Each structure stands twice: as structure tokens, then as C-alpha cells.
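A short worksheet on the structure shown next.
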Amino acid sequence: MPVTDITILLFLGALAAGLLGALTGLGGGAIIVPLLTILFHVDIRYAVGTSLVSVIATSSGAAAAYVKEGYSNIRVGMLLEIATTIGAITGAFIAGLVSPTAVAVIFGIVLLHTAWTSTRPRVDHMSGGPSDPIALRLRLDSTFPTANGPQHYQVRRVPLGFGLMYIAGVLSGLLGIGSGVVKVLAMDRAMGLPFKVSTTTSNFMIGVTAAASAGIYLHRGYIVPGLAFPVMLGVLAGALAGARMLPHLHTQKLRVVFSVLVAALAVELLLNALTGKI
Amino acid sequence: MSVPHTLITGHSTADDRTEQVVGTVLRLGVLIAAAVTLVGGVLYLIQSGATHPDYHTFRGQFSPLRSLADVARGVAAGNADAIVQAGVVLLIATPIARVALTLVAFAIRKDRLYALISALVLVLLAYGLLGG
């Protein structure tokens, strides 16, 4: 296939991924790698590098939109970015050591987990219990805007959250995804942050995490212009369109569609890996 | 002795101002990166639209665009693929600029602990982009 045809097809695929990612709040990164490897037969190393670029684009674009609303917690985000960036660098190094097949298998498992998580209802895990002494020392407790004015919240289990964030970073660096699901898990479940704060702070952190391993990928030649150009612009256009459509849509059904799609891609990816095609 | 409210809650008008500046930087960074990539991409299609690239076999280790110096040289020579790669580098630099700005904001407020935390994150990011 000539460059022009590939570019148009990749742009359209990335547009759809970005749109779906923005509408479901799960990002498009999880779809880009299977899309490139399964449909376009791209080597998984190129796919991971390309996906990571699109992750930075959507995260920075979305974070710029959310940041004004006062939900994200800069201190929590910056503290946990130590864990995610170290994790991302670790992940990028692991990617250089293990076989592409192993990366594909891990990717498939993470996708299945994402599919399962995204169908479950979102509930706040805030508790009235005492703050973690570490959270008090680090001044992590904060407020977030509600209809009844600012509401105070406390931050719990900082070490557990920090550890989970390291794992999120490793997955991001290894697979070229934002791993927003694990980030939200760490902040929402482990640290007891309100859901809105977890999701916006996570979005904020995804770009920084991805930037840590993207440089390493660039040096290894995982990022090629012919793929990065259509995918980055496609995902960005899709994400911007999605953000505009979001207020007018019922997203619950979309999340089910997304889950089924992600699960199907996961199975396909695992089958390809196990039959030696990746 | 009473402690100022902002010290307890971690959220203040200064935080809000920082967030606004950060938001602007993120938007601008993504916009500039996308514009550079688009220009490079269109040139790339004109220059090599009819070629048949093979992405099935990984040859990244031979890629001529693997360092910031490679990219700068390519852009200076007017190579389309180097311009696209420069857009990618600008995109990677955007969240890094965000961390640098946050560091400055913490330093101005004499929040030594968080200035230090931001500096640590910045060093890790610089390692990824320059060392790796």
C-alpha cells in the first residue's frame, strides 16, 4: 500500500480511537496498538511508540480543558509523578529486554482488565476516616468544587497509592498506553480521592508519564514519522470532537460498546501472539 | 496559633492561577506540535506519497531520526520526516514544560518541599528525553 493510502486509513482509524476514547473517558491509547498490529500488520515496537505519542497528545489536550475547573490536585499529581516517571523509565527498559510476543501477551491481559473495569459503575470511595499522617505532612488534603461550594477531602494510604502508580508507570512505558485505569484505581480506591479529582488528576499525569518513556522510545527508533503523523493528528482531532459531543451524549451505552471492542481486540491480540504472528 | 487555611487544604487562589497558566501552556504546546506535524506531514506526502513503506519488520535501530541532534539537522536540511519528528519532540516537550512551570510556581511561593519534588520529576523527564 502506498504512503498516501496508509496515511488516510491510519488517520481515520486514529480519529475513531480518539473519539471513542474521549467519549468513554478511557483514552484512545488502548485501541491504537491493537489497531496498528492487527489491522495494519505494524511491528508492535512501532505500534507502542506511535501509541505513546498519541497518548501525550490526548492527555495534554484534555488536561488543558479540565485544569480550569479546579478538580485536579497539583500536589498529589506531582508527588505521584515521581512514581509514574520512574515506572515509565523502568517499563521502557523492560520493553527492550523482553520479546515482542511477551509484550503482546501482557498487552492483551491489560486490555481484558480494562474492558472488565470499564463496564463497572463508578462510585466514590471517599471515607470520613482520619488522613494518612504522610498526607498531612505532605499537605495533600484539598477541596473540590461542588454545587454546595468547596468540599474538603482527605487523602489516605499514600504508600499504597505510590506503589500502584509505579506499576501504572511501568505498564505505560512497556505498552505505550496512558494506563489511566490503574492511575484512577490508585487514587480512587487506594487513596480515597473523590472520583472527579482522581480522573482529572490522572489525565494530568498521563502526559508526564508518557513523556518520560517517549524520549527513550525516540532514541530506540520506535517512533517513525510515517506513523506518528496520521495517528497523532487523528487521535487529537477525534479527542477534540469527542469533548464537544460529550455533553450531548448518553455515555453508558458507549462504555459497553467500548468494553466489547476492547475485549475483542484483546482476544485477537492474544491469539496472534500465541500463534506466533507477533 | 492558627494555621492559614490554604496550608491545610492545599488549594488556594495561587494554585488556581498556576493551573490557568499551565492550561494555556498545554494548549499552546499541543497546538504548535500539531501544526508542525501537519506541515511536515503534508510535505512528507508530497515527497514520498507514492513509496511503499514496510512497518512489519522492525528496523528502528537504523532510523536516522533518533536523537534531538538528528532531528535538528534534518529540519535544517528541510527533510519532511524530520519536521514531523520535530512536531513529536515538541509534543513530548509540552508536559515537560508543564512540570518546569509548576516548579517555578512552587519556588515563587517558597514551597521548598514541592519545588524539590517537581525538580526530581523534571530530572527524570530530562533523563528520558536526553539520556535514555
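Taken together, the values in this text are just the output of simple stated rules run on the coordinates, not laboratory data. Predicted, not measured: the structure shown is a model, and the values here were computed from it. Virtual Cβ from ideal backbone geometry, glycine too; neighbours counted across all protein chains shown.
Below is a table of values for the structure above.
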{"read-out": "Mean-position separation - Cα centroids, segment A:85-115 and segment A:198-262, in angstrom", "value": "17"}
{"read-out": "Neighbour count of at most 16 Cβ within 10 Å plus DSSP loop: longest trypsin sites (Lys or Arg not before Pro)-free window in chain B", "value": "B:1-58"}
{"read-out": "Stokes-Einstein D for chain B, Kirkwood Rh over Cα pairs, 10 °C, 1.306 mPa s (µm²/s)", "value": "90"}
{"read-out": "Nitroxide proxy distance, nm - points 7 Å out along Cα→Cβ at A:Leu12 and A:Ser131", "value": "5.3"}
{"read-out": "Once exposed loop trypsin sites (Lys or Arg not before Pro) are cut out (DSSP; at most 16 other Cβ, 10 Å), longest piece of chain A", "value": "A:123-276"}
{"read-out": "Once the Cα gyration tensor of segment A:1-49 is diagonalised, semi-axes √(5λ) in Å", "value": "20, 13, 7"}
{"read-out": "Helix-only [θ]222 nm of the protein assembly as shown, DSSP H runs n ≥ 4, -39500 (n - 2.57) each, per residue, nearest 500", "value": "-24000 deg cm²/dmol"}
{"read-out": "Translational diffusion of chain A, µm² s⁻¹ [Kirkwood Rh, Cα pairs; Stokes-Einstein; 10 °C; 1.306 mPa s]", "value": "85"}
{"read-out": "Chain A, relative contact order in percent, only Cα pairs under 8 angstrom and at least six apart counted", "value": "39"}
{"read-out": "Stretchable slack from B:Thr51 to B:Leu130, in nm (0.36 nm times residue separation minus alpha-carbon distance)", "value": "25.2 nm"}
{"read-out": "Largest to smallest principal axis extent of the C-alpha atoms in segment A:153-278, angstrom", "value": "47, 38, 30"}
{"read-out": "Spatial separation of Cα centroids for segment B:17-82 and segment A:137-170, in angstrom", "value": "36"}
